[in-house]
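These notes are about the structure you will find just below.
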């Protein structure tokens, strides 16, 4: 994910944060990502920002 979204702007981070909260499938394969409705938008953005720092 970090390599695919390297240099992501705020709009992309917001979009990814929404995916964390709502869950979904088809983006990274057929295995669905569990929704995390108890995570706030800011917490999700912080998680995404951290993950984007982990690129190889």
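Rule-based calculations on the coordinates, nothing more; no lab input. Fair warning: this is a prediction, and the values are worked out from it, not measured in the lab. Using ideal geometry, Cβ is built from the backbone for each residue, glycine included, and neighbour counts are taken over all protein chains shown.
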Handout entry: Paramagnetic reach from residue 41 in the stretch 1-20 [backbone N under 19 Å; point 7 Å along Cα→Cβ]
Key = 9-20
Handout entry: Directionally averaged projected area (convex hull, Cα atoms, the chain), nm²
Key = 3.7
Handout entry: For the chain, calculated [θ]222 nm from helices alone, where every DSSP H run of n ≥ 4 adds -39500 (n - 2.57)
Key = -14000 deg cm²/dmol
